Amino acid sequence: MKKNNFLLRRVPRFLGYTLIELLVVLAVVAIVTLAATSSFYFSSGAKKAHTELIELKAALEYAKYQAITRSETVTVCPSEDGKTCDTKSWSKGVVIFEDKNADRSIETEDKVLRVLPALRDHENLVWRGFPNYAYLQFLPDGLMKGNNGTFVLCIGAGKNLIAQGLIISKTGRMRFTEGVGPIHKGSNGKLLYC
């Protein structure tokens with residue numbers, strides 16, 4: 001006599017995933033993607049800010065070099081049109097010129113040496129120094145007229161703020177602010193802001 005084995009067999013389970021398993025996997029993928037995207041934003045934004053500050057530093061070193069080689073005062077000031085020191089907003093553009101009488105205005109005998117274009121809409125460049133002049137001047141000996149200060153470059157706002165700086169001493173020496181995250185610390189140890 002033959003035994004009936006079909007009652008002892010297990011019912012085959014369908015191969016696949018349950019709805020709950022799929023939702024868990026989608027949630028994990030979404031979290032990892034969000035973390036990678038925000039990390040990429042801060043990484044690329046921080047590199048962009050540093051690149052902008054490198055360009056600013058190069059322009060300021062050029063102004064210092066020109067002051068020394070020409071034995072003339074060279075003025076650096078914010079300018080929208082590249083022909084006058086007409087604004088206090090460094091974000092709208094910068095003009096560097098040989099300032100023969102050191103009056104901080106471009107006259108016929110003065111020569112424009114370089115013009116930096118305006119920053120993008122979401123970028124802001126601020127000069128924090130004491131006294132807080134709306135210009136910098138390099139004297140023929142390479143020293144700066146005025147005191148120490150920091151250019152602070154901010155990109156974005158709120159939680160997405162990236163702030164880095166370029167510190168300039170009275171002797172005309174320049175160095176970048178230091179920091180690990182998106183917001184660096186100034187020479188006083190406090191976080192930079194715009």
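Details
- Among the conditions (1) part of a loop (DSSP other than H, G, I, E, B); (2) touching a Cys at 6+ places or on another chain (Cβ under 9 Å); (3) open to solvent by less than 20 Å² (accessible area, probe 1.4 Å), the only one that Cys154 does not satisfy is (1).
- Residue match in region 117-140 (condition: more than 15 Å from Thr75 (Cβ to Cβ) and more than 24 Å from the chain's Cα centre (by Cα)): no
- Filtered by the rule that a residue be in contact with a strand residue (DSSP E or B) (Cβ under 6 Å, 6 or more places away or on another chain), within 12 Å of Cys77 (Cα to Cα) and either open to solvent by less than 40 Å² (accessible area, probe 1.4 Å) or assigned to a loop (DSSP other than H, G, I, E, B) (or both), region 97-112 gives Phe97, Glu98, Asp99, Arg104, Ile106.
- Those residues of region 111-143 which are free of Cβ contacts under 8 Å to residues at least 60 places away in the same chain and more than 18 Å from Glu80 (Cα to Cα), in sequence order: Arg128, Gly129, Phe130, Pro131, Asn132, Leu143
- Residue within region 159-167 that is over 26 Å from Thr75 (Cα atoms) and at pLDDT 85 or above present: yes
- Of all residues in region 170-180 being part of a loop (DSSP other than H, G, I, E, B) and free of Cβ contacts under 8 Å to residues at least 24 places away in the same chain, the one that is surrounded by the fewest Cβ atoms within 10 Å (Cβ to Cβ): Val180
- Residue match in region 64-73 (condition: at pLDDT 90 or above, acidic (Asp, Glu) and part of a strand (DSSP E or B)): no
The values are calculated or read from the model by the stated rules, or taken from the named source; none is laboratory data. Values in this document were obtained by computation on a predicted structure and should not be read as measured data. Cβ atoms come from the backbone with ideal geometry, glycine included; neighbour counts cover every protein chain shown. Side chains included, ligands, DNA and RNA excluded: accessible areas come from the protein's heavy atoms. Shrake-Rupley method; radii C 1.70, N 1.55, O 1.52, S 1.80 Å.
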